[in-house]
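The values are calculated or read from the model by the stated rules, or taken from the named source; none is laboratory data. Note that the structure is a prediction, hence the values are computed from the model and not measured. Counting neighbours? That spans all protein chains shown, and the Cβs are built from the backbone with ideal geometry, glycine included.
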Amino acid sequence: MSGMAKLSAPPGFLQRAQFTFSAWPYVLLLIAAISLPFTGANDYWILLATRMAIYTILIMGLNLVVGFAGQLALGYVGLLTIGAYTSSVLVEKLGVGVFPALVIAAVAGGAFGALLSIPALRLRTFYFAMTTMGFATIVSQIVLAWQSITGGGNGIVGPVFPAPFDAANGFYLFCLVLAAICTWTTLNLSNSRHGRSLLAVRDVEVAAAANGVNKNVLFLKTFFFSGFLSGLAGALFATLQSYITPDAFTLDLSVLFFIAILIGGRGSIIGPLLATVLLTLLPEISAPLVTWAPFLYAILLLVIVLLIPGGIAALLDVERRKPLKTGRLIIPQPVYLPSVLDNPAGAESIAMKQVELRFGQIRALDGLDIDIKPGQVHGLIGPNGSGKTTTLNVICGFGTPQQGSLWIGDRQIPFGSPSTRVSLGIARTFQTPKVVGEATVLANVMLGGTTLGTATFMESLFGMPRHRKDEKSLREHALMALRVVGLEELAAVQAERLQHSELRFMEIARALVSRPRFLLLDEPAAGLSPAEIERLGDLVKEIGRHGTGVLIVEHHSDLVFRMSDQVTVLNLGRMLAAGSPAEIKVHPEVVSAYLGV
Amino acid sequence: MSQVIFFSIVATGLASGCIYALIGVTYNVMYSASRVMSFTAGQYGMVGGVVGALLIQNLSLPVWAGLLLTLVAGILLGIVTEIVGVRPVLKNLEQHLYVLSTLALALMIKQVAAVEWSTEPKPFPRVSGIDTGIWEEKYWLPVVALVVVIAGLELLNRYTLMGRAFLAISEDTFAARALGLPERNLRVTSFALAGAIGSLAGFAGGQMLLAYFDNGTMLTFYGFIPVALGGLGNNRGALVGGLALGIFQQAATFLVGGVFASVAVFLAFTFLLLARPEGLFGNSRKTRLV
Amino acid sequence: MKLTRRSFVQSASAMVAISSTGSKAFAQTTSIQIGFMGGLTGPNSSFGIQYLRGAQFAVDEIRGAGKAGPAVELVPRDTQGDPTKAVNAAQEMISRLKTNVILGPSGTGESLAIMGIMARAKMPNLNPTSADAIIDAAKYPNAFRVAGHIAQWDEAVRFYCTQILKSKSIAVIGDNGGFGTTAVTQTVAALKASGIQVAYQAQVDPNQPDLRPDLLRAREGGATAVIVWTSALGLATRMMNARAAINWDVPFVGHPGLGIGDILRLLDKPSNWENVYIVTNKSCCFDDAGKLPSRTEEFVQKLKRKNVQISDSTLWWIGCGHDSVELMTAAVKETGSTKAEALIKYWEALGAFPGISGDFKFSPKEHNGLPTAQLAMARANSQKNGCFTLAPGYS
């Protein structure tokens, strides 16, 4: 068996397939940045570099919200304003020390950032974008009006740091170190289950929920952290300007930050970093550019959106443009299943009892009973509109029936709340593959292990040991799952480059990663070649034999009969017949309603 | 509150409310044909004021010619929006790239106006002769414009084939396509129409808002509030929402002062939206599950 | 205001001159580098544009005269009124371009952000902005103001309202920008201290479309004069229109911005511009006989001969730019040096420097160069060649 040969190859293979992270651009940038003061550069360049560092801090945070979470936060200048004024007022009016004020300003930014997560969760894209613009305007209006504290239109003096941070070079290096730390934390986060979850929420929210991502909590933490960085940047900005007035915090600045991320490339860290450098330098290089700068930014944005959606990052990513081998075959290797599904088999079944689900007048499910037993492959077939996918959805927590109940063993589980299913041992695939196109296959599969990780958001940010342990074991585990479905050679490839059938198998791998007790497959054979369908059938049967209960919704009745231990036929939301494949094949009603002669 | 102050609030509130409502209608017309919300809506309004002033005041064209060419400018911008900002990104609607492309276009339009026209507010000429005492043109012109547009849209939708085609597209794109309706041409036409409506709003509101490049951003936001409150695609909701916003804004300005008035508007808007994300009159959109 | 081709070409040619000579250090007495920064495009750019116009004219004059002596280069930077860009530009002039003096900026926000930087670098600054706090001989020994400041304007305006118009109840309305905020607070405090009733005070958003509520409140408060502290064109005109709409013939007294030419087209009718008075530099005012001071008249003729645009301008802004350059070149000539210490010492010893926008006088303790006596009130709608007619009862 070819699998045997592969078994002996792991170490080098693992390295190749690892989510390759190229550190050299960051290191180069850092070296260039640190050496700037020592090249005898005059204070003007140091000033510009300091500004770049400060903008970087904010943009790294904003990147998580805009680039990773896909939320179009156009009004982040509001958080910059809050940070700047908080630190200035604390130091100037309340005599607080500069460093404590810095931290408090960051926390204030975080608090308001977290507040913004509420509209992000409740509102649609465009509405959220508008709300953030409104937020930025509210902040600037309040700053203008609250004269006694903020000095109103006349502004307030910015905090001054003690030596050596009050000199140009000293302050620059201070901001640089902070910028480097912030970049490092966002890098860590992007390589953690939190970062992967953000991307999943952005691109395939339904799949994120099905893999256990709790959007509310994730957003709260992400928005807080993002706001924290913005507040920090604001406080540093106030010091850089030495005196802040409301007219420095324009909506144009907000749009600039936003565009930097889009031009840099969503979901990338190095891209927005380079874009920040570029956009800060641009107006300084040539005077006529100052007048037309906003126009140029807009054109850049348009070009990126229309032609290079991946931004600068996509241009830099040579790796991902390397051609793939054609004529690839998917050869699953079920022999590796034990290493993936290494949890003891359960004895409980999923039971759906008397479930009724109506959409208006239509009864999608009309009093349905169905069981999924462990170690059994249960096929679900029926004509279009019979409620097959709806059944699967209800079990997975999508859709709330008006009547009936859902059980695992003798525990009743509530309808709805899809993100709890994975912890209950229920995993699924989708009718159309739901993957994060720009992430690698491996990263996509690792999404399945979201609930397996234990490292907290904070631990991931700072690359704590638990985070690194999580990542290492999850990577190996996911690779093993890819081996099972026969896709390990494509682990480092961007998912959007895969063929349709490969995506289907990848989804199965993703589901397997969560060590599910129950695997629900929604038309997994659609679009597969006959050879692939056969291999799929063998794989599913093996999965069943390992103790996982499988529910497979399919149109390919031959496939279903071949691999199932139990078959249920639905019609008009009701069970038409249930039994062994042999029984169903010849069942008169089934034949007339569905199978035909 | 004296009678004069009350009248001032009502007159100014209604007039500005009509302008906001018209921009709301602009949003709706673009949305109905494409499911896209475009950031350019407010900029059409700004262009209406700026181009109108340029043609009638600076170039001394007669009023009817100025109005006509202003509408043409709006139409052209609408078409450009569709071709450059909407058509290329329609295939990835869930990615919401249209927000970015239309934002880019809006920024470009704004910057061109800033550099070529001026960054200071400039006067907008009187266009009708009718202007005595309380019946100042700046108070009734926006109202007339709104009535004309709403009536026109109703007639269009009810009695013309094109109007019914618009309705079909907005109800169910796939079915409309299956029926053989020329989806793309209809979309371009509706964006052209939106551009015209937007620039008409700016033209009618020129006396009140002045020919000012920054009006675009303000109208983009304030014209969006009626849509958010009235429900996306719902022109009657936009009308009610716009007028309510106008009056609320003026009342707040009077009661608590200009600065706090805008804070009041934004806060009220945010809370209302969080409470009813589909708007007060809108229907909740059902998303396809899987 | 629009970036005209002329000003663009001027700044471009200055830029070319600068870039062609690079950032080499200049021999101290062979060339004078004058940096200018301010808003040339963007909101509220009319002051910056006119100031630069005057400065450029002065530089052209010097070059044209072909006198022996150091060459003068003017290096402009457009900050668009943004304090962020102002900080960048200031640092650039200090460290990279190494100018000998900085003229400007044109806005209070920008000034506030750069005073510290310039002081630390000991960069001489001739500053026309009006915030009181930016000039402090002890804190910013390098900075000298070449125009009036808020305390002076406030004094002049209050004097006119209380002593000439004999008003005992005054309303104070300003915009919510930096200038408006400070000015309103200052005026209200001073009025109250001198026992005058403040009928109404407000900080208004410049985009507020209807000013009738505010004026009605002022009228209800019993105001017999209204002090207007805004340069925002839209706001000023709306106030004048609102005043006419409620049939209130109260005098408006305030910021020079109330005299900008564009106002005429924004008004409902020209008569709405009556009874509006602005504080301005006396040197650029027509007296009762309709004559300008001779120095100013000469300046106007010179500008006209060179086709420099002055209709629809505020002459003292242009004059101020001219005076700033003159102050600089005179200092270099008299001290034979472009070093900061020498320049500062020269200016501090100036008794009465004859400028177009006024006669400047500095001292080691006083870096505000325009004596209050050189301010006057003028009729806002009387602009001709950038000059205004003195207000009635004012000499």
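Observations
- In the set C:ALA113, C:ALA65, only one residue is of a type in the set (A, V, I, L, M, F, W, C), touching a residue at least 24 places away in the same chain (Cβ under 8 Å) and assigned by TED's automatic domain parsing to the domain that holds C:GLU348; that residue is C:ALA113.
- Members of segment A:351-391 that are under 19 Å from A:LYS541 (Cβ atoms), of a type outside the set (Gly, Ala, Ser) and either touching a Phe, Trp or Tyr at 6+ places or on another chain (Cβ under 9 Å) or without any contact (Cβ under 8 Å) to a residue 12 or more places away in the chain (or both): A:ILE372, A:PRO374, A:ILE381
- Scoring B:GLY242 on the criteria (1) within 14 Å of chain C (Cβ to nearest Cβ); (2) surrounded by 18 or more Cβ atoms within 10 Å (Cβ to Cβ) leaves a single failure, condition (1).
- Here segment B:76-116 is the region considered, the condition is being under 13 Å from B:VAL47 (Cα atoms) and surrounded by fewer than 21 Cβ atoms within 10 Å (Cβ to Cβ), and the residue that is nearest to the chain's Cα centre (by Cα) is B:LEU76.
- Pick from segment A:354-405, criterion among the charged types (D, E, K, R) and touching a Gly at 6+ places or on another chain (Cβ under 8 Å), ranking: nearest to the other protein chains (Cβ to nearest Cβ): A:LYS388
- Qualifying residue in segment A:267-286 (condition: within 14 Å of another protein chain (Cβ to nearest Cβ), modelled with pLDDT under 90 and within 28 Å of A:LEU498 (Cβ to Cβ)): yes
- Residues considered: C:LEU343, C:LEU350. Of these, the only one that is more than 16 Å from the chain's Cα centre (by Cα) and buried (at least 22 other Cβ atoms within 10 Å of the Cβ) is C:LEU343.
- Complete set of residues in segment C:257-305 that are more than 22 Å from the chain's Cα centre (by Cα), at pLDDT 90 or above and charged (D, E, K, R): C:GLU274, C:ARG305
- Scanning segment A:452-471 for residues that are touching a residue at least 40 places away in the same chain (Cβ under 8 Å), in a helix (DSSP H, G or I), over 14 Å from A:VAL213 (Cα atoms) and not charged (D, E, K, R) yields a count of 3.
- The residue list B:THR253, B:THR270, B:THR220 contains one member that is at pLDDT below 90, crowded, with 24+ Cβ neighbours inside 10 Å and in contact with a helix residue (DSSP H, G or I) (Cβ under 7 Å, 6 or more places away or on another chain), which is B:THR253.
- Some residue of segment A:111-133 being modelled with pLDDT of 95 or more, farther than 30 Å from A:ARG193 by Cβ and either aromatic (Phe, Trp, Tyr) or touching a strand residue (DSSP E or B) at 6+ places or on another chain (Cβ under 7 Å) (or both): no
- The strands (runs of 3 or more DSSP E) falling completely within segment A:522-597 that include 1 or more residues that are in the same structural domain as A:SER349 (by TED's automatic domain parsing) and more than 18 Å from A:ARG428 (Cβ to Cβ) map to A:566-571, A:574-579.
- Unique residue being more than 13 Å from chain B (Cβ to nearest Cβ), buried (at least 24 other Cβ atoms within 10 Å of the Cβ) and out of contact with any Ser or Thr (no Cβ under 6 Å at 6 or more places or on another chain) when the list is C:ALA183, C:ALA193: C:ALA183
- Residue identified as within 30 Å of A:ASP342 (Cα to Cα) and surrounded by fewer than 20 Cβ atoms within 10 Å (Cβ to Cβ) among A:GLU554, A:GLU534: A:GLU534
- Where a residue in segment A:288-301 is farther than 22 Å from C:GLY38 by Cβ and facing chain B (nearest Cβ under 9 Å) and its partner, wherever it lies, is of a type in the set (S, T, N, Q) and part of a helix (DSSP H, G or I), with Cβ under 7 Å and at least six apart: A:ALA298/B:GLN111
- Contact map, segment A:143-157: residues that are among the polar types (S, T, N, Q) paired with residues that are outside any helix (DSSP H, G or I) and at pLDDT below 85, Cβ distance under 7 Å, separation 6+ or inter-chain. No pairs are found.
- Flag set for B:GLU278, criterion: in contact (Cβ under 8 Å) with a residue 40 or more places away in the chain, away from chain C (no Cβ under 14 Å) and among the charged types (D, E, K, R).
- Within segment B:56-75, if we keep just the residues that are under 18 Å from the mean Cα position of the chain (by Cα) and touching a residue at least 60 places away in the same chain (Cβ under 8 Å), the residue that is surrounded by the most Cβ atoms within 10 Å (Cβ to Cβ) turns out to be B:GLY74.
- Considering only residues in segment A:158-173 that are of a type in the set (A, V, I, L, M, F, W, C) and in contact (Cβ under 8 Å) with a residue 60 or more places away in the chain, the one that is farthest from the other protein chains (Cβ to nearest Cβ) turns out to be A:LEU173.
- Test: residue in segment A:187-206 that is among the aliphatic types (A, V, I, L, M), in contact with a strand residue (DSSP E or B) (Cβ under 9 Å, 6 or more places away or on another chain) and not assigned by TED's automatic domain parsing to the domain that holds A:GLY437: no
- Residue in segment C:86-106 that is farthest from C:ALA232 (Cα to Cα), counting only those that are facing another protein chain (nearest Cβ under 8 Å) and in contact with an Asp or Glu (Cβ under 8 Å, 6 or more places away or on another chain): C:SER95
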